[in-house]
Amino acid sequence: MDFLLNRDQRAIQEAVAELCSHFPEDYWKERDANLEYPEKFVDALAEAGWLAILIPEEYGGGGGTVMDAAIVLETINRSGGSGVPAHAQMYTMGTVLRHGSEEQKKRLLPKIATNEIRLQAFGVTEPDAGSETTRIRTFARRDGDEYIVNGAKIWTSRFQHSDYLLLLCRTTPYDEVEKKTDGLSILLVDIKAAGDSISVRPIRTMTSHETNELVFNDMRVPVVNRIGEEGKGFRYILSGLNVERILVASESLGDGFWFIDKASQYAKERVVFGKPIGANQGVAFPLARAYADLEAASLMRYKAASLFDAGGNPGFGANAAKLLASTATWAAANAAMDTFGGYGLAVEFGIERKFREARLPMVAPINNNLVLAYIGQHVLGLPKSY
């Protein structure tokens, strides 16, 4: 395994950083203050082809790897922006590309690649089931060539900015399956066609996350929009979830390195008691430790991405990368806040905005405690805890 970026990957990094330079900190401050979706930035990413980087060239995409996508998102966040408003169109590719039909790919991927349509919404979590995905209640009943869907989802972000929703639902009741992971199916929902059968309630959060609760009332979805076999959706969606973990880890790492960059520069310039505050071990050591942990988490992220790109399903690597990246970034956020002191709370410095954003990956898209429980049971063979 080569731990250095190759020439093409460095070129991706440089090109994305150049694009991000046109969206300075004031742009992100304004979006955050007004809870606005960064439409102009997302369009620029799409027009430059970065949101289609995982779509094969035969469908008009960039033909890149998950490693490439990870570099794109890390660079966005390290530049002071946020990849969250656009990242779903990347990680949903893990499910569509591996398990979608050729007809579905030909129908959707070229238009996604040209930004004619967006696949930015991902409906999995439900108000009652939470992280116990097999307990979801949203049910799709077969009716000829269609499914009739009823139920609800929560924390479905970017719905208002998407043309399609990737939806996980039950097609066989929980109490009628032999394995609890059976009986789940994935549907591609055409949001415009669904119309009033989807009710939307925006949920305001401490970051500009554009997330929602959705309610489905007799929503009709053509059977041809089902991904793969009926009842096998849980296995299929793991492809998307593994990519999601890797890409969220990459965004978190970008934030972490941003904190280190900002705080280190400030610690060299800020003079108190006759010397730069960075000369004090109480300032330097937390930054140095956080930086070391970020670099270690980055290696785990690259390992997971390499395994996925080789055709594997890096359950441990993807989850461990997200765990390590989020905790290292949270340490970097706190070290930066301590370095800036009172100025860290001032909106103009940007630390408080990123500080709020840095807390999210500790609990989403999966809580770090559940990651530890997964590692304990499925990697170490310890007794099941949940």
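The values are calculated or read from the model by the stated rules, or taken from the named source; none is laboratory data. Nothing here was measured: the structure is a model prediction, and the numbers come from that model. When we count neighbours, we look across all protein chains shown, and the Cβ atoms used for this are built from the backbone with ideal geometry, even at glycine. Heavy atoms of the whole protein, side chains included, go into the accessibility calculation; ligands, DNA and RNA do not. Shrake-Rupley method; radii C 1.70, N 1.55, O 1.52, S 1.80 Å.
Miscellaneous remarks
- Number of the condition not met by PRO314 [criteria: (1) touching a helix residue (DSSP H, G or I) at 6+ places or on another chain (Cβ under 7 Å); (2) within 17 Å of SER82 (Cα to Cα)]: (2)
- Per-region count, segment 211-251, residues within 27 Å of VAL200 (Cβ to Cβ), assigned to a strand (DSSP E or B) and of a type outside the set (Phe, Trp, Tyr): 13
- Qualifying residue in segment 68-84 (condition: of a type outside the set (D, E, K, R) and farther than 15 Å from GLY254 by Cα): no
- The set of residues from segment 181-208 being part of a loop (DSSP other than H, G, I, E, B), loosely packed, with under 14 Cβ neighbours inside 10 Å and not aliphatic (A, V, I, L, M) comprises just one member, ARG204.
- Scope segment 15-29; condition open to solvent by less than 70 Å² (accessible area, probe 1.4 Å), of a type outside the set (Gly, Ala, Ser) and assigned to a helix (DSSP H, G or I); matching residues: VAL16, LEU19, CYS20, GLU25, TYR27, TRP28, LYS29
- Within segment 279-301, being farther than 14 Å from ALA333 by Cβ, in contact with a Ser or Thr (Cβ under 7 Å, 6 or more places away or on another chain) and of a type outside the set (Lys, Arg) holds for one residue alone: VAL283.
- Set side by side, the residues ASP143, ASP190, ASP163 differ, and just one is among the acidic types (Asp, Glu) and under 20 Å from the mean Cα position of the chain (by Cα), which is ASP163.
- Residue match in segment 364-383 (condition: of a type outside the set (Gly, Ala, Ser) and under 22 Å from GLU25 (Cα atoms)): no
- Residue in segment 353-361 that is open to solvent by 60 Å² or more (accessible area, probe 1.4 Å), touching a residue at least 40 places away in the same chain (Cβ under 8 Å), more than 22 Å from GLY130 (Cβ to Cβ) and not small (Gly, Ala, Ser) present: no
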